[in-house]
Amino acid sequence: MHIVVCIKQVPATLDVRVDPVTHNLIREGTESVINSFDENALEEALRLREKFGGTVSVISMGPPQVREALRKALAMGADAAYLLCDRALGGADTLATAYTLAQGIRRLAPFDLILCGRHAVDADTGQVGPELAERLNLPQVTMVKKLECDGKTIVAWRECEEGTAVWELPLPAVVTVESKINTPRYPSPIGIVRSAKKPLTVWTAKDLDVDEDQIGLKGSPTRVLRLFSPQRTSHVEILPGEPEEAARALVAKLREQKVL
Amino acid sequence: MDFRLSEELELWRKTVREFTEKEVAPYDAEMDRANDLPWDIVRKMSESGFFGVPFPEEYGGAGMGSLAAVITIEELARGSASVALTLDAHWLATDPIFMFGTEEQKKKYLPDLVSGKKLAAFALTEPVAGSDAAGIMSTAVRDGDYWILNGTKAFITNGGAAETYVIAVKTDKTKGARGISTFIVEKGTPGFSIGKKEDKMGCRGSVTTELILDNCRVPAENMLGKEGEGFKVAMVALDFGRVCVGAMGVGCATAAMEAAGRYANQRQAFGGPLAKLQAVQFKIADMAMGIEAARLLTYRAAWLRDAGQRYTTEAAMAKVFGAEVAMSTCKDAIQIFGGYGYTRDYPVERYLRDAKLLEIGEGASEVLRMVIGMNTLKELA
Amino acid sequence: MQEIWVVAETYQGRLAPVTLELVGKARTLASGAGGKVTAVLLGSRVTELASELIACGADTVLVADHPELALYRTLPYARVLTDLIEARHPDVVLFGATSQGRDLAPRLAARLRTGLTADCLDLSFDKDGLLVQTKPSYGDNVMVDIVIPRHRPQMATVRPHVFPAPEKDAGREGRVEVVPVHLEQADLVARVREVIAEVEEASKLEEADVVVAGGRGMGSKENFNLLYQLARALGGVVGATRPPVDEGWIDAAYQIGQSGKTIAPKLYIACGISGAVQHTVGMEKAKVVVAINKDPSAPIFNLATYGIVGDVREVIPALIAALGAHK
């Protein structure tokens, strides 16, 4: 089986603010990690490989520092990593990202399954998986919390408003996964040592045979108009005193507010 | 001189940090209350290959060397001194088997110890012989293909939890240090039992017990190293162990400084955060300097070991300094927290109790100062 | 003229609350811009729901009724909507940010080669008639206004509960148009084996008027019992942040926040919750928030209406007692 896992590097902390003057993003800390749901996707791929044999490829689009995330994926057990890295790819929204990833994944054909996290925790869109499926003309199932596979078809449990829907799809397909699906392994020391010898290939826009109108900012229909901080003005009323006194005051307030 | 860690070591540090933040630190307070070894965490560490970091691939390790081992201990100690201590004590017994074991002994014991499937413990200290290691009283007497071991070992980390013990006893009572030999003793050997479990002040998530040898029959092939070589085995093991304790000091102090720093930035007093007060800034500055110096001592000692050079003095320096930095940092951290720091609602009092162990175990600061002093004076002669 | 479409969702023969919220919002937007609201209703035997969409503000309801549309699947739904959008060129297409909407909208956006904004919290038209879509980012630490200047339709998924449910006007007039459904074999490769209904206590969480939630500060599974007692006294439901779930004090189904549930109760009582954004994204629509925490600097107090600084193990029993005394 050849499984392709898409990963995104995201900031380690979501503790960001918007500068009130410049409207630029102020990030606390510069550490980056693999998007947590993507680690679930990789874990699922590694488990399927343990069952069926084959290879797991990881692919990501981003700046050169994404190599670090790909190194971790290799240390966790992926066989090969691909980084789509080019200034021309910068400023991409989900549509352009999905197109670019699709062009990269086509070069990895044949493949049986493409796994992604349900969304990236920074931008929180969850759009790249389905958009990628469309660009590759493959069926999709998203937000999967349990996956079974017999090598030819998959059965996927996905949470929906009515409970859990159980889908059955032929392979190849695109699947995006929930955190519930598994607990990702940590890279082992020996995995880290061995990963140094695994291939990490960097592809530029030229390597990918892309239509220049569909990549980067140019290929992105959406535009960010502005960033701003959510309005959160604190107007808490602290009820003082011993617990009993404070509790009585609270009950009185809640009655006044008619929420009791 | 290049102070950057390799890409490999950076990735491993990040991995241990993530593991510690998710799997270890949240349970440290609970293990302190329970006074028991967190087997779940030990199992997860084993699954993730922690136990094999410094050992070669042929025995199931990763062959990453001493610096990687030290980083493992440091990062674990940032979340739990107890868990770091458990691994340190395990290595203290596993490393001499690797260094002094026969090929048969290595094949028999190392795979399970390197994978962490079984824990190991190292036993030198006795109720009346701690720093004065040559003064141990336990004995072994030859009886055909066996040795008969008798005596009591005290303050043995991983006692009871370990399956494999490296135990130092006197095979020749007429000699001091040169009369000592070490044996590998398996749990369940007739005549070998676990004594009292200590109710320790700190590091309560690691177990410490007595070991009782009562006519314990150990096959002669279980002697580790040559007869009379036991003191050397112990000292070689302790050199590495001391670097690891230095790393525990760095980790423990880092945790205390981080807690104090967060609190100082948040807590308001005199119309601003505590962090604006110079008295607090000075304390944090001393912490940061101490930690950085302790880390460099520790890393350099590990580097010397990996380079195959003598490092007994540097190991002792790393240990004494790291332990004392941990103590002073935890003490000051409590001071910054004020009354809250003195309660069990905040972790800094626990860190202080944990840190105190580092000044005592694996060579008390006083005896190690003797080592450093003597070795330095020898060079100055 | 702005033509705003809302893709309706149905569960077990009923319209999803978010669909009604969206139709109501679309009505407001259209009225301001001289536009028209169209709801697209897909399913099997769903035609009779059209009148409710009209009552909520739709001018037209396009009904795609077909047995293969009975249960949601990506490809058949995408096919029907692609055909309709390509034939009729709406300016705006809105979806609920539900498991269906978040699956379907991006598939469609890629097929139509247009822009899509996920999980919006607000929508408005600017002076040029562009749809300004406000979405949270970085776990709600940052808000972003996004526009789709040149591609049509402008698409968005919108988080449930952010717009009020509209007043229904049963006398409102509108047009119901049943549209033909052409599906291809390739659209039917996925099969829904079954839908396992999980109507558990946890699902009441999202509908509850009173939610009592616990965080790491509860300290233990035993202390969580205090929450159940308080919830009982208030006629509410218990929820939690992520740490108690990780600790095994409560099932993951009760988790509120990112990767958990989003709620909008009338009263929300946060017990031993520090107020990390990963949690607060799930509860900030609560009307009255009470925070009980021993750490006066806990960020949860910034969101709270009322706060008590103290140990949950003392304050909750006192609160239960005070509630009893008032009865």
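Read-outs throughout are calculated quantities, based only on the coordinates presented, and are distinct from any laboratory measurement. Quick caveat: nothing in here was measured; it's all calculated off a predicted structure. FYI the Cβ positions are ideal-geometry reconstructions off the backbone, even for glycines, and counts take in every protein chain you see.
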Discussion item. Need the C-alpha centroid separation for segment C:236-268 versus segment A:198-260, integer Å.
Written reply: 18 Å
Worksheet entry | Unit charges at the beta carbon, dipole of the protein assembly as shown: most positive-side option, B:339, A:95, C:32 | B:339
Worksheet item: Which one of C:283, C:256, C:273 is farthest out on the positive end of the charge dipole of chain C, using unit charges on Cβ (Lys, Arg +1; Asp, Glu -1) and the Cα centre as origin?
Response: C:273
Discussion item. Just to confirm my numbers, what's the Cα centroid distance between segment C:11-74 and segment B:330-363 in Å?
Written reply: 62 Å
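What number, rounded to the nearest 500 deg cm²/dmol, is the helix-based mean residue ellipticity at 222 nm of chain B, given -39500 (n - 2.57) per DSSP H run of at least four residues and division by all its residues? Walk me through the numbers on the way to the answer.
Numbers: 11 runs with 196 residues, N = 381.
After summing the helix terms and dividing by residue count, I get -17500 deg cm²/dmol.
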Fill in: Range of Cα positions in chain B per principal axis (Å), largest first
79, 51, 41
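When the Kirkwood hydrodynamic radius is evaluated over all pairs of different C-alpha atoms of the protein assembly as shown, what value in angstrom, to one decimal, is obtained? Don't jump to the answer; show the numbers that get you there.
Details: mean 1/r = 0.0320 Å⁻¹.
Result for the protein assembly as shown, one decimal place: 31.2 Å.
Summing +1 for each Lys or Arg and -1 for each Asp or Glu, what net charge is found among the other residues whose Cβ lies under 11 Å from the Cβ of residue A:95? Could the numbers behind the result be given before it?
Numbers: positive: A:135, C:111, C:113; negative: A:93, A:131, A:134.
Charge balance near residue A:95 sits at 0.
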Worksheet item: Okay, which of segment C:7-50 sit inside 17 Å, backbone N to the point 7 Å along the Cα-Cβ direction of residue C:207?
Response: C:10-21
Worksheet item: Cα gyration tensor of segment C:267-309, axes a ≥ b ≥ c as square roots of the eigenvalues: rounded (a/c below 1.5), prolate (a/b > b/c) or oblate?
Response: oblate
Fill in: Spatial separation of Cα centroids for segment C:154-201 and segment B:276-310, in angstrom
62 Å
Worksheet entry | Value of [θ]222 nm, deg cm²/dmol, for chain A, DSSP H segments ≥ 4, -39500 (n - 2.57) each, nearest 500 | -8500 deg cm²/dmol
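In Å, the Kirkwood hydrodynamic radius of segment C:110-202 over pairs of distinct alpha carbons?
Working: mean 1/r = 0.0565 Å⁻¹.
This gives a value of 17.7 Å.
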Discussion item. Cα atoms only: what Rg and Dmax, in Å, come out for segment B:7-118?
Written reply: 13.9, 42
Practice prompt. Report, in debye and to the nearest 20, how large the dipole of the protein assembly as shown comes out about its Cα centre when Lys and Arg carry +1 and Asp and Glu carry -1 on their Cβ.
Written response: 840 debye
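Give, as a single signed number, the net charge of other residues whose beta carbon lies under 9 Å from the beta carbon of residue B:162, with Lys and Arg counted +1 and Asp and Glu -1.
Values: positive: B:118, B:187; negative: B:163.
So the surrounding residues net to +1.
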Worksheet item: Given C:89, C:42, C:196, which one lies farthest toward the positive end of the charge dipole of chain C, if we put +1 on the Cβ of every Lys and Arg and -1 on the Cβ of every Asp and Glu?
Response: C:89
Discussion item. Given axes a ≥ b ≥ c from the Cα gyration tensor, I'd like to know whether segment C:55-114 is rounded (a/c under 1.5), prolate (a/b larger than b/c) or oblate.
Written reply: rounded
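About the Cα centre, and with charges only on the beta carbon of Lys, Arg (+1) and Asp, Glu (-1), how big is the dipole of segment B:279-381? Nearest 20 debye, please.
Details: 13 positive and 13 negative charges, 23 e Å.
About 120 debye.
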Item to complete: Using the 2.2 N^0.38 Å rule of thumb for compact globular proteins, work out how segment A:179-260 stacks up: its C-alpha Rg over that value, please.
Response: 2.42
Response to the item:
In this structure, among B:173/B:232; A:152/A:197; C:204/C:285; B:14/C:221, pairs with alpha-carbon gaps over 20 Å are A:152/A:197; B:14/C:221
Item to complete: Specify the residue with the greatest mean-square fluctuation among C:147, C:315, C:176, computed from a Gaussian network of chain C linking alpha-carbon atoms under 10 Å apart.
Response: C:315
Item to complete: Springs between alpha-carbon atoms under 10 Å, Gaussian network over chain B: tell me which of B:315, B:93, B:220 tops the mean-square fluctuations.
Response: B:220
Worksheet entry | Projected-area average for segment C:98-162 over all orientations - Cα convex hull basis, square nanometres | 4.7 nm²
Fill in: Approximate spin-label separation residue A:51-residue B:145, in nm, with each point projected 7 Å along Cα-to-Cβ
5.0 nm
Worksheet item: What angle, in degrees between 0 and 90 and rounded to the nearest 10, separates the Cα long axis of helix C:74-88 from the longest principal axis of the Cα atoms of chain C?
Response: 50 degrees
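Starting from the Kirkwood radius over alpha-carbon pairs of chain A, derive D by Stokes-Einstein at 25 °C in a medium of 0.890 mPa s and give it in µm² s⁻¹.
Working: Rh = 20.4 Å.
For the chosen part, D equals 120 µm²/s.
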Item to complete: Let me know the Kirkwood hydrodynamic radius for segment C:3-188, please, with Cα pairs as the basis and the value in Å to one decimal.
Response: 16.3 Å
Worksheet item: Looking only at C:34, C:96, C:236, which one moves most when chain C is put into a Gaussian network model with springs between Cα atoms under 10 Å?
Response: C:34
Item to complete: Treating only the Cβ atoms of Lys and Arg (+1) and Asp and Glu (-1) as charged, compute the dipole magnitude of chain B about its Cα centre; round to the nearest 20 debye.
Response: 620 debye
Item to complete: Extending each Cα 7 Å along its Cβ direction at residue C:197 and residue C:89, get the distance between those two points in nm, one decimal.
Response: 4.5 nm
Worksheet item: For helix C:17-33, what angle does its Cα long axis make with the longest principal axis of chain C, in degrees from 0 to 90 and rounded to 10?
Response: 60 degrees
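Helix-derived [θ] at 222 nm for chain C: sum -39500 (n - 2.57) over DSSP H runs of at least 4, divide by residue count, nearest 500? Please report the intermediate quantities before stating the final value.
Details: 10 runs with 98 residues, N = 327.
Helix-only estimate at 222 nm: -8500 deg cm²/dmol.
Given the alpha-carbon gyration tensor of segment C:201-326, what are the semi-axes of its equivalent ellipsoid in whole angstrom, ordered largest first, with each equal to the square root of 5 times an eigenvalue? Display every interim value, and only then the final one.
Working: eigenvalues 66, 50, 45 Å².
Three semi-axes, in Å: 18, 16, 15.
If you add up the charges near residue C:131, with Lys and Arg at +1 and Asp and Glu at -1, over every other residue whose beta carbon is less than 14 angstrom from its beta carbon, what do you get? Before the final figure, lay out each step's value.
Values: positive: A:223, C:25, C:127, C:135, C:150, C:152; negative: C:3, C:91, C:122, C:126, C:128, C:145.
Cβ neighbours under 14 Å give a net charge of 0.
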